[in-house]
Structure formats: C-alpha cells, structure tokens
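First the structure, in the form of structure tokens, and then the observations on it.
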Amino acid sequence: GALVYQYPRRTICKSGTSMRMECQAVGFQATSVAWYRQSPQKTFELIALSTVNSAIKYEQNFTQEKFPISHPNLSFSSMTVLNAYLEDRGLYLCGAGDWEYEQYFGPGTRLTVL
Amino acid sequence: AQKVTQTQTSISVMEKTTVTMDCVYETQDSSYFLFWYKQTASGEIVFLIRQDSYKKENATVGHYSLNFQKPKSSIGLIITATQIEDSAVYFCAMRGASSGSWQLIFGSGTQLTVMP
C-alpha cells in the first residue's frame, strides 16, 4: 500500500529559530509533493507544490526564503521553516503522489513556537 | 477561482445507519477530480474515494459511495452501515486535471460522530 511518513510528528522551537521536517513516501512514486499547513480551525493552506525535476511553485504569502523545500528523488521531500514565529504554528502536512492520481498524506508535523 | 464548500459543520448518527455528507464545488476547469478524505483524531488524513469529472458512474469503495451530480456541481459522500470508528472529520477536495493543477482545494470539513 501507499504510505507517507513525516518526521518529526511534533516539534517545539523557540521564536526566531528554524526547524526542518521530512516527508517520505513508501510503496509509490512521489513525483509531486504538496506541502500544506492546517490551522487549529482545520482550514488548509497550500504552501508550495514540488515536482521532481521541476521548479518548486510557492503560493502567495509563502516564499522560498522562509520555507525552503528540497525534493531530490521520488520518495523524499523536506521543508524547513526558517525564523519561526507564532504565526507559523500549525500542522504541516505533505501530500505525495503521481500527478494522475490522488495524494496520500503523512500524519503531519505539529509545530509549536514558544 | 476554485472553491469547495461543505455547509454541514457536524453530523451525529447512530451506529449502523447511513449518513450523507454534502459538498459543492466551483471550477472553471472542464476536467477535474473530486476526492473525499477523513482526518482522524490523531490528525492522520486518509484518502477514501475519488470521482473523475468525466465519469458518469458514481464511485464506490467499500461502504463509501458518492452521489455525483455534475449539473449541480455537487459531490456527496454516502457512508452505509456506519461504525464507531468512522467518527472523524471528513474533507471534500478537488483539483484540476491539467498539468500544474495538482494541488488540492479543500472544503472546511464535516465532523461526523457515530454513536453506539
């Protein structure tokens, strides 16, 4: 079956520091990976869409300078939150898959900023 | 612009009954995909079922089925013989079928509670 792992599941960082989160696909090819942030109210914000061998496309209000993403192969992607502040809190989700099919999600990385 | 709307904030049903969750969408794309996911209490998001816009037949997977009404831009999720473990937040989502439209647009979710 298609599985997506995310590490870490939870992380706490001090305001102004950075943290890196990882997304690993098992059992299928993650040609594309979409990074989302889910608010406590359950709304989803798309941060960026990454496709192997293509440029990463960031949504408005999200930048590469703040959320650099690496997607080096068909099974792995990582994203860093640089200079995290309170407004960066939330559940960060990666949705991975091949473009013709559905996205499979990892359990998310819950970021708390102190 | 694309938009997905779920008007039901929460639904409570008795175990072993059938429940329908509503979802309407807006898109300018001629071809698109519609999905239902559920998010468990632990935060895990699980893919349930998918409907391709060009298919007239309603998709069915296990005890999940869809009521796809394309003229109404509606894609309802039907869960038959509900179980306690079906309690979760259910999200409707869509994306365009063209390349570069891979990101999902989510609805606001419907909290389903299945009672014994």
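Read-outs throughout are calculated quantities, based only on the coordinates presented, and are distinct from any laboratory measurement. Bear in mind the structure is a predicted one, so any value in this text is a computation, not a measurement. As a convention, Cβ positions derive from the backbone with ideal geometry for all residues, glycine included, and neighbour counts pool all protein chains shown.
What the table below lists for this structure:
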{"read-out": "Peptide A:36-48, shielding by other chains (average Cβ, 10 Å cutoff)", "value": "3"}
{"read-out": "Selected from A:Phe67, A:Phe28, A:Phe76 as most flexible by GNM, with chain A as the system and alpha-carbon contacts under 10 Å", "value": "A:Phe28"}
{"read-out": "Calculated P(r) of the range B:50-106 - Cα pairs past 13 Å, %", "value": "68 percent"}
{"read-out": "Volume per residue that the Cα convex hull of chain B spans, once the total is divided by residue count, Å³", "value": "98 Å³"}
{"read-out": "Over 19 Å (Cα to Cα) - which of A:Lys42/B:Lys38; B:Lys3/B:Lys72; A:Lys14/A:Lys66; A:Lys42/B:Lys55; A:Lys42/B:Lys70 fall in this group", "value": "A:Lys42/B:Lys55; A:Lys42/B:Lys70"}
{"read-out": "Rg/Rh (Cα only; Kirkwood hydrodynamic radius) as it applies to the range A:6-74", "value": "0.96"}
{"read-out": "Per-residue Cβ neighbour rank within 10 angstrom, fewest leading, A:Met19, B:Met21", "value": "A:Met19, B:Met21"}
{"read-out": "Spacing of the two label points (7 Å from each Cα toward its C-beta) at A:Glu87 and B:Thr40, in nm", "value": "3.5 nm"}
{"read-out": "Relative intensity, log₁₀ I(q)/I(0), of the protein assembly as shown from a Debye sum that treats every alpha carbon as a point, q = 0.18 Å⁻¹", "value": "-1.37"}
{"read-out": "Isotropically averaged projected area of the range A:36-112, using the convex hull of Cα atoms (one quarter of hull area), nm²", "value": "5.4 nm²"}
